[in-house]
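Please treat every number below as a calculation from the coordinates, not as lab data. Quick caveat: nothing in here was measured; it's all calculated off a predicted structure. Here the Cβ positions follow ideal geometry from the backbone for every residue, glycine too, while neighbour counts run over all protein chains shown.
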Ligand SMILES: [Zn+2]
Ligand SMILES: [Zn+2]
């Protein structure tokens, strides 16, 4: 990537191209119960010690010197759940030959668990675009219209087009960060699904059609 204007504070942001990390994790490879439906079954005893190398947007997995899989950290990749007590997290992804896959990964310590889960999520963050005008409303950036970045899609947007502050746990943002209207609406739509009660940061609807039954909503509309 090119040289960035000094005005942009990059200190709190890690870009996927900068991430590199390696270590080992135990893996449970599932048996496929139903190939059409892609349902998976994990045998709790069956852990394989694997080496992992995270580099940019790929995660290489090898065991006994043999490459097992190069996992693409793309839009299909997701950390499905994290069990901090047992140091286990489950990931889903789509392989190069286009089949969906799930693995259970177990870290060797709480420290390693935290590193792997946060690095993997950070590597899913979009790089920030550096446009001269807002990618939503096309307003030119300048003294009065400042450039901001949506933490979900990375686009350059003005403050009017990014009025939403929310957590993005799937990208490792646990504090409120700015997102654009498009991403905010998409997130609100997703979180209004059947599991909304379980969602750690259930979104209040902007349209006001969902009563504020919980005050733990972590999305703010300015
Ligand atoms: Zn705008
Ligand atoms: Zn966005």
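Sort 177-183, 115-121, 72-78 for me by packing, meaning the mean count of neighbouring Cβ atoms within 10 Å per residue, highest on top.
Peptide ranking by packing, descending: 177-183, 115-121, 72-78.
For a protection proxy built on the mean count of beta-carbon atoms within 10 angstrom, sort 166-173, 149-156 highest first, please.
149-156, 166-173
At 10 °C and 1.306 mPa s, what whole-number value in µm²/s does Stokes-Einstein give for the translational diffusion of the range 34-117, with Rh from the Kirkwood sum over Cα pairs?
Calculated translational D: 115 µm²/s.
Give me the extension gain from residue 44 to residue 146: residue separation times 0.36 nm, minus the current Cα-Cα distance, reported in nm with one decimal.
Here the segment from residue 44 to residue 146 would lengthen by 31.5 nm.
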